[in-house]
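Please treat every number below as a calculation from the coordinates, not as lab data. Given the structure is predicted, the values throughout are model-derived calculations rather than measurements. Note that we place each Cβ from the backbone using ideal geometry, even for glycine, and neighbour counts take in every protein chain shown.
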Amino acid sequence: MFSRKNKLLLLKLLSLFSVVRGYNVFVIALAQYLASIYILAPELPLREVLFDFNLFVIVLSSTLVIAGGYIINNFYDAEKDLINKPRKSMLDKLVSQQFKLITYFVLNFLATFAASYVSFKAVLFFSAYIFGIWFYSHKLKKIPFIGNFVSATLAITPFFAVFVYYKNFDTVIFVHALFLFTLILSREMIKDLENIAGDMAQNYKTVPILYGQKFSKICISLLLLLALLPAFLLTEYFDVGHMHFYFLGCIVMLVVVTVMMWKARTKLHYVGLHNMIKLIIVAGVFSILLIDIDLVLNRIL
């Protein structure tokens, strides 16, 4: 049996894991590696990619910065989240704001220190990334459209880091990036509909608050329709192996999400839509394996 002290420590660790969104950080790191193996450097031996220490450092720095980003975002949104996410907020409050800030600075320092192993340019890149996340959380998040756009841009920045590292400029990569970007931007705007109560209480000027829910739904619908374009292109004009089944499924799912969004009225409805988009994104990460099922086996042999 755990003692009371051990239970409290376990709860605090769980709280910190919740604050840094440990599950999201893991998925992003996995996505960076899968993208490197299957999309960015498919011609390289598997061992060379997996045991590339520079790539490991880039992924490590990315995860540390992202975890720090979740902390600073949680720090600025603490009061708003008490309204929008009361249960999660109670868990997050088990860790003090002071400890969160200390952890934030430590994670960012470790990220830039690790990046220095790769190059000075990597240090500049991750320093700019850290500043961008802070500036978004502190200022830009409250600005309609710009806040959503910057948030989606910051979300795909870790993939830009490995993209630059491998210097692969194939068109298929940009089409994949456009698909991911439109999905994330759609999710961010759905979150604004989901969080109207807390945003209004904290005087956030989001799209649904300033222009109404109908206008917000029109914008999201256009983004979802835009996401259909790269999904169609990837199934018809690029060799993505069995991953084309994923994109065909996405086309159906995005149409369903669009229809459901126009019928949505409550916070619970919007939470469901947000989770559906998130599921599509996470499924996309694992679907990268379908680009060439035999690729790993062939490269091992």
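Key figures
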| read-out | value |
| --- | --- |
| Residue identified as at negative phi and free of Cβ contacts under 8 Å to residues at least 12 places away in the same chain among F247, F135, F179, F149 | F135 |
| Where L124 falls short, out of the listed (1) touching a residue at least 12 places away in the same chain (Cβ under 8 Å); (2) more than 17 Å from the chain's Cα centre (by Cα) | (1) |
| Considering residues of the range 168-209 that are among the basic types (K, R) and either surrounded by 19 or more Cβ atoms within 10 Å (Cβ to Cβ) or under 22 Å from the mean Cα position of the chain (by Cα) (or both) only, the residue nearest to D52 (Cα to Cα) | R187 |
